[in-house]
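Visitor: Before I ask anything, let me first share the structure, which is written out below as structure tokens.
Coordinate-derived values only; no laboratory data. All values derive from a computational prediction rather than experimental measurement. Glycine also receives a Cβ, built like all others from the backbone with ideal geometry; neighbour counts cover every protein chain displayed.
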Amino acid sequence: MKEETRTEEKKESVLEGFKAFLMRGNVIDLAVAVVIGAAFTSVVNSVVKGLINPIVGAFGTKDLEKYRSCLEAPCETNAAGEVVKGIPILWGSMLSAMLTFLITAAVVYFLMVLPMSRYLARKAAKEQQVEEELTETGAEEIMLLREIRDELVARRGGSPEV
């Protein structure tokens, strides 16, 4: 009978702990970030494919993926576009991935990180100002209380204790 109670308590405490874990803001924030990140990836990919690739295409081919060099010349491809002979270096796909990363990082920084850090700095400055005002008020109150104490002691005819 005791073992059943312990097992039920353990299950209950484990479930309570799991519930507390899920209800913390961090897990929910992380889930939201993953969903937004997945949606944002498609936006960035379309910017790269719809804007960056055509700009690069003005100087060469429209698809960055097709830019490559051959380490062991000459590179020969078959009808399907697969390399049959030679060792290709696909620097175009690497450039495309780097551009996608830079665009993503810039958007995240300028639209999310920078405004949030400015907001937090303003909030911290306001909190510090309120704290300083409270400290000033507290110091004034202490001085007033000391004056009252000294006046009461002087009326009694004793010396003030410090």
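Visitor: How far is helix 2-23 tilted off the main Cα axis of the chain, in degrees rounded to 10, range 0 to 90?
Guide: Between the helix axis and the principal axis of the chain, the angle is about 80 degrees.
Visitor: Continuing with the same structure: Report the semi-axes of the equivalent ellipsoid for the chain in whole Å, largest first, where each axis is √(5λ) for an eigenvalue λ of the Cα gyration tensor. Could you put the intermediate results ahead of the total?
Guide: Numbers: eigenvalues 904, 212, 38 Å².
Ellipsoid semi-axes (Å, largest first): 67, 33, 14.
Visitor: Can you compute the helix-only [θ] at 222 nm over the chain? Use -39500 (n - 2.57) per DSSP H run of at least 4 residues, normalise by all residues, nearest 500 deg cm²/dmol. Please list the in-between numbers first.
Guide: Details: 5 runs with 111 residues, N = 162.
Helix-only estimate at 222 nm: -24000 deg cm²/dmol.
Visitor: I've got another one for you. Name the longest site-free stretch of the chain, where the excluded sites are GluC sites (Glu not before Pro) in a DSSP loop with no more than 10 other beta-carbon atoms within 10 Å.
Guide: Longest stretch, sites excluded: 83-160.
Visitor: Here's a follow-up. What residues of segment 115-129 lie in the reach of a label at Ile28, counting those whose backbone N is under 18 Å from a point 7 Å from the Cα along Cα→Cβ?
Guide: Taking a point 7 Å out along Cα→Cβ of Ile28, no residue of segment 115-129 has its backbone N under 18 Å.
Visitor: Could you work out the relative contact order of the chain, using alpha carbon pairs under 8 angstrom and six or more residues apart, expressed as a whole percent?
Guide: Relative contact order comes out at 12 percent.
Visitor: Are there chymotrypsin sites (Phe, Trp or Tyr not before Pro) in segment 23-87 that DSSP puts in a loop and that have at most 12 other Cβ atoms within 10 Å, and which ones?
Guide: Sparse-neighbourhood loop chymotrypsin sites (Phe, Trp or Tyr not before Pro): Phe59.
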